[in-house]
Amino acid sequence: MTLLSQMSVMYAVCVGVFVACVLLLCLQETKLINHKSLKLVQENEQHIREIEEILKKDRRYLVLDYMPDERTKLIVTYLEDLDKRGPPPPPTASEPTRRPTK
């Protein structure tokens, strides 16, 4: 493998990682998406379209127009991860290390 082809592969990997990070930020800021979203998508295919319609208002999402299939896969992967993590802790919960000892 030549140096040029190695650099091309490294560039493609970096672009892929960058794309995933940009979309992840966009998804994290979307209030419609939570730990229940995957179940809603599985029950009703229209829900993923609703998510994508909301994301279309974000320029970071629109930058990825050239790869719509990958974008959808990244969304589903993010939903699966949220489903695995479950509901977030209540806002009043504190870290165990910050709780006062008795």
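Rule-based calculations on the coordinates, nothing more; no lab input. Everything quoted here is computed from the prediction, not taken from an experiment. Neighbour counts run over all protein chains shown; Cβ positions are idealised from the backbone, glycine included.
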Region 32-54, residues that are surrounded by 14 or more Cβ atoms within 10 Å (Cβ to Cβ), assigned to a helix (DSSP H, G or I) and in contact (Cβ under 8 Å) with a residue 40 or more places away in the chain: Ser37, Leu38
Subset of region 55-90 (residues that are closer than 17 Å to Asn34 by Cα, surrounded by 14 or more Cβ atoms within 10 Å (Cβ to Cβ), in contact (Cβ under 8 Å) with a residue 40 or more places away in the chain and not charged (D, E, K, R)): Leu74, Ile75, Tyr78, Leu79, Leu82
